[in-house]
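**Q** Following this message is one structure expressed as structure tokens.
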């Protein structure tokens with residue numbers, strides 16, 4: 001003989017409550033894992049930018065293209081092309097002999113080359129009274 005209807009009904013309600021709890025818990029875990037995946041993807045993209053270079057178009061008609069590190073703030077401000085690896089930078093240097101290097105992000109250091117102007121930063125011009 002089975003359980004009375006009232007006891008079976010109570011068991012089903014308890015089961016339903018437990019299943020709802022499990023669903024809420026599982027949905028929260030899924031959201032947490034999705035956030036972790038998004039953060040990992042963001043970190044990989046940041047690392048990729050930090051290890052790459054990019055060339056921005058000249059800002060003036062008579063200007064020269066400028067080489068930036070992938071994470072340089074100026075590259076975003078003035079627009080730039082796709083991220084390049086070291087071989088891409090070398091190919092671009094051959095294609096654009098007038099290629100300049102950004103003074104803000106210093107891409108020559110990450111390329112392992114000496115600073116184009118001989119290693120010293122330009123002295124600021126100061127007027128004395």
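**Q** Based on a Kirkwood Rh over C-alpha pairs, give the Stokes-Einstein translational diffusion coefficient of segment 1-50 at 4 °C and viscosity 1.567 mPa s in µm²/s. Intermediate values should be presented prior to the final figure.
**A** Working: Rh = 14.2 Å.
Once the numbers are plugged in, D ends up at 91 µm²/s.
**Q** Can I ask one more? In nm, to one decimal, how far is the residue 17 label point from the residue 50 one, both placed 7 Å along Cα→Cβ?
**A** Label-label distance for residue 17 and residue 50, simple model: 5.0 nm.
**Q** What ranking, highest mean first, results for peptides 15-21, 101-107 when packing means the other Cβ atoms within 10 Å averaged over each residue?
**A** Numbers: 15-21: 10.0, 101-107: 17.9.
In decreasing order of mean packing, 15-21, 101-107 become 101-107, 15-21.
FYI, it's all coordinate maths here, none of it is from the lab. Since this is a predicted model, take the numbers as computed values, not measurements. Quick reminder, even Gly has a Cβ in these numbers, built from the backbone with ideal geometry, and neighbours come from all protein chains shown.
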